[in-house]
Amino acid sequence: MFSRDNWKEIFETIQKNKLRTFLSGFTVALGILIFVILFGFGNGLINTFNDFFADDATNVFYVFRGRTTMPYKGYKSNRQIEFDNSDLADIEKNFPLFLEYTTPRISRQDTVKYKEESNSYTTQAVSPSHQYAEKTIMMKGRFLNKNDIKDKTKYAIIGRLVEEDLFGAKTSIGKYIDIGGSSFKVVGVFQDDGGDNEERIIYIPYTTRQLIEKNTDEIDQIIVGFKPEIGYAGAMAFERSLNSFIREKKYINPKDQNGIFIRNVADQLKQNQQFARVLQIIVGFVAFGTIIAGIIGISNIMVFVVKERTKELGIRKALGATPKSVIGTILLESVFITTISGFIGMLIGIAVLSSLGEKLKDFFITNPYIDLTMATVATIVLIIFGAIAGYVPARRAAKIKPIVALRDD
Amino acid sequence: MIEIKDLHKSYKMGSNSLHVLKGINFSVEEGELVAIMGSSGSGKSTLLNILGMLDEANSGEYTLDGVPIKDLNETKAAKYRNKFLGFVFQSFNLINYKNAMENVALPLYYQKMGRKERQEKALKYLGQVGLTEWATHLPNELSGGQKQRVAIARAMAAEPKVLLADEPTGALDSKTSYEVMDLIQKINDQGNTILVVTHEEDIAHMCKRIVHLKDGIIVKDEKVKQVRASEYV
Ligand SMILES: Nc1ncnc2c1ncn2[C@@H]1O[C@H](COP(=O)(O)OP(=O)(O)OP(=O)(O)O)[C@@H](O)[C@H]1O
Ligand SMILES: [Mg+2]
């Protein structure tokens, strides 16, 4: 049934019936193409959501301070909440089970100079653990260490773009830069996947910043890293206890919406992932529908093809074609066309997806892709169902008496 | 070669049935050239289609070259059609997207003959019907007579035991009809058994025997003196 001669006969038939070939090929290719693209877009959506979080650790709380809006325990409302070094120590002492690290963050906007170059940058005064929270990647030199905090060293870790702006192609390590009037030695250069803004930052020891600002112990923001093992439920519980702990310590009304605010990255991530998953399921349904439509399309074409060929099949039977060879002729032709055009559609789809890359980022689709197994399975499913759809009319044609088929006009 | 006994055939048309062949008895020896005549609707085509295994009788016996033809499955029937029988139709029934040579080679494909051999043989038979130069032409580029000659070459290529022709000249003018009959006579001269259904007296007299059908039975079966078609060409 699969001899070379059979294939030759099929190739000739395909070549000489171009419209028919084109119709069924086009339907299948289009079906697979749309499937691949839709499915790829679904993955692109997920990518976009994951990208929002990819550059920072997700086992982190950011604790912000603000003004109270309710009076509490003798304190008036509209009181500015302050954080200081003792808050860090208290949090560490009270939550050893959940806690992995804490780091303060004091952000300032400073004019930074090196020789003739001068520019304004955000400096963040932090502790060494900050590297985990931001997922800072060191390119040269080192990040801050414990001794820098203890000794209040005037060392700076600068972003890749800060180095590019101030030093051009020259190396910055060991050079001195002027940050807001104080001289700092550059000991490290970092990169960050969070985009250009996150690479125009300078890190310095928080104790040094406090020393410069009249030896205060105030801090702007507290970042708390927790152990990933505690899981989502653990993180939510930890957030609640941390919240009430700080409120109690700072005399903030538990019902006050302001005063302090905790950004729970894990919770945001989870919500976004759920949203993305729902979107993907919807897209998956639409894609599945496309495959079904493709199967229906190819079935209709097969019915049409067999109808159109009834007389020819009658002639072939009169000349000695067996039912098996009649079915074979129809099926092999259809499977051959669906296979070729299915894979063409699949490849075009994959090519389109990979050429898009970040071009549709405005529509929340980043690097759309489909894994090859998924695309291949969908294509094969369409081929198999196309064959089944073709088998039914083919068998009917094979059973029909030659004299009846011949009478067909 | 062919033997039929008490052959009956009726067509079901809704609730009533039309009795077309009402007990046909007849036999054909090897090498005969038989014309089947009769008025329109007398059952000539029905008889020929049953002989050609394109259709089945309701009852009666049919033996082809010593093989009883009865209750065959489609695959078996296809083999017998391929090996024993060649058809020529009034409307030619060539496959329109295949050229003359490919049409002639088609029954050989179903004999599982190799491609090369098939083409050689097809060309040989096209040569015998005088169409070597038209081998690569599609049917719609051929005249009616040429088409019928391709159809005859196709029927002969499989080297069947019996050639069945249903009004082979029905769609042709008289000059072309005689050319086709000349060809059929020559094939018969080589010893092939041929049955020709026709309306036309002159065509019938180019055969060696005439069977008259009327209302589903044979009313007359006579040997005749063959008129050579070449006299008219
Ligand atoms: N498939 C069919 N279904 C029903 N009736 C049929 C069928 N085929 C033929 N008949 C009827 O059977 C009768 C014999 O038909 P047949 O074709 O054998 O006649 P014929 O002798 O070949 O006539 P013609 O010279 O017109 O070709 C006719 O009355 C015809 O209407
Ligand atoms: Mg007839």
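Here are A:Tyr232, A:Tyr251: which of them is within 19 Å of A:Ala57 (Cα to Cα), outside the structural domain of A:Phe385 (by TED's automatic domain parsing) and hydroxyl-bearing (Ser, Thr, Tyr)?
Answer to the selection: A:Tyr232.
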**Complete:** For region A:40-73 the number of residues that are at pLDDT 85 or above and over 14 Å from the mean Cα position of the chain (by Cα) is 15
**Item:** Selection count where residues are farther than 20 Å from A:Val404 by Cβ, within 16 Å of ligand 2 (Cβ to nearest atom) and touching a helix residue (DSSP H, G or I) at 6+ places or on another chain (Cβ under 7 Å), scope region B:7-63
**Value:** 5
**Prompt:** Does B:Ala171 count as under 20 Å from the mean Cα position of the chain (by Cα), within 14 Å of chain A (Cβ to nearest Cβ), within 16 Å of ligand 1 (Cβ to nearest atom) and touching a residue at least 12 places away in the same chain (Cβ under 8 Å)?
**Reply:** no
**Fill in**
Exactly one of A:Gly225, A:Gly194 is modelled with pLDDT of 90 or more, small (Gly, Ala, Ser) and surrounded by 15 or more Cβ atoms within 10 Å (Cβ to Cβ), and that residue is A:Gly225
**Item:** Single match in A:Asp267, A:Asp256 (criterion: more than 24 Å from A:Ala133 (Cα to Cα) and not hydroxyl-bearing (Ser, Thr, Tyr))
**Value:** A:Asp256
**Message:** Please pick out the residue among B:Lys98, B:Lys112, B:Lys116 that is out of contact with any Pro (no Cβ under 7 Å at 6 or more places or on another chain), basic (Lys, Arg), on the phi > 0 side of the Ramachandran plot and within 12 Å of chain A (Cβ to nearest Cβ).
**Reply:** B:Lys112
**Asked** What number of residues within region B:114-143 satisfy the criterion of being surrounded by fewer than 17 Cβ atoms within 10 Å (Cβ to Cβ) and assigned to a helix (DSSP H, G or I)?
**Response** 10
**Request:** Output the qualifying pairs, or none if there are none: Cβ atoms under 6 angstrom, residues six or more apart or on different chains, first residue in region A:384-409 and farther than 19 Å from B:Leu48 by Cβ and facing chain B (nearest Cβ under 10 Å), second residue at pLDDT 85 or above and in a helix (DSSP H, G or I).
**Result:** A:Ala398/A:Pro323; A:Ala398/A:Val326; A:Ala398/A:Ile327
**Asked** Does region B:87-107 contain any residue that is touching a strand residue (DSSP E or B) at 6+ places or on another chain (Cβ under 7 Å), closer than 23 Å to B:Val196 by Cα, touching a residue at least 40 places away in the same chain (Cβ under 8 Å) and not in a loop (DSSP other than H, G, I, E, B)?
**Response** yes
**Asked** So, in region B:85-95, of the ones that are among the aliphatic types (A, V, I, L, M) and at the interface with chain A (Cβ under 9 Å from one of its Cβ atoms), which residue ends up nearest to ligand 2 (Cβ to nearest atom)?
**Response** B:Leu85
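Go through region B:188-202 and report how many residues are within 16 Å of ligand 2 (Cβ to nearest atom) and in contact (Cβ under 8 Å) with a residue 60 or more places away in the chain.
Just the residues of region B:188-202 that are within 16 Å of ligand 2 (Cβ to nearest atom), to begin with: B:195-200.
Applying the additional criterion that residues be in contact (Cβ under 8 Å) with a residue 60 or more places away in the chain yields B:195-199.
Selection size over region B:188-202: 5.
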**Prompt:** Quick check: anything in region B:73-84 more than 9 Å from every other protein chain (Cβ to nearest Cβ), surrounded by 23 or more Cβ atoms within 10 Å (Cβ to Cβ) and not polar (S, T, N, Q)?
**Reply:** no
**Item:** strands (runs of 3 or more DSSP E) wholly inside region B:163-233 that include at least 3 residues being loosely packed, with under 13 Cβ neighbours inside 10 Å
**Value:** B:217-223
**Message:** Within region A:288-307, does at least one residue satisfy the condition of being crowded, with 18+ Cβ neighbours inside 10 Å, in a helix (DSSP H, G or I), of a type in the set (A, V, I, L, M) and within 14 Å of chain B (Cβ to nearest Cβ)?
**Reply:** yes
**Asked** In region B:53-72, is there at least one residue being more than 16 Å from ligand 1 (Cβ to nearest atom), of a type in the set (A, V, I, L, M) and either within 9 Å of chain A (Cβ to nearest Cβ) or part of a loop (DSSP other than H, G, I, E, B) (or both)?
**Response** yes
**Item:** Answer residue from region B:13-52, given it is more than 9 Å from ligand 1 (Cβ to nearest atom), of a type in the set (A, V, I, L, M) and within 14 Å of another protein chain (Cβ to nearest Cβ) and is nearest to B:Lys83 (Cα to Cα) among those
**Value:** B:Leu51
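Any chance region A:119-133 includes a residue that's more than 18 Å from A:Thr208 (Cβ to Cβ) and out of contact with any Gly (no Cβ under 8 Å at 6 or more places or on another chain)?
Yes, region A:119-133 contains at least one residue that is more than 18 Å from A:Thr208 (Cβ to Cβ) and out of contact with any Gly (no Cβ under 8 Å at 6 or more places or on another chain).
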**Prompt:** Looking at (1) within 12 Å of chain B (Cβ to nearest Cβ); (2) buried (at least 20 other Cβ atoms within 10 Å of the Cβ); (3) within 20 Å of A:Ile384 (Cα to Cα), can you tell me which one A:Ile315 breaks?
**Reply:** (3)
**Prompt:** In this structure, is A:Gly31 of a type in the set (Gly, Ala, Ser), surrounded by 20 or more Cβ atoms within 10 Å (Cβ to Cβ) and farther than 30 Å from B:Asn99 by Cβ?
**Reply:** yes
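The values are calculated or read from the model by the stated rules, or taken from the named source; none is laboratory data. All values reported here derive from a predicted model rather than from experimental measurement. Cβ: placed from backbone, ideal geometry, glycine included. Neighbour counts: every protein chain shown.
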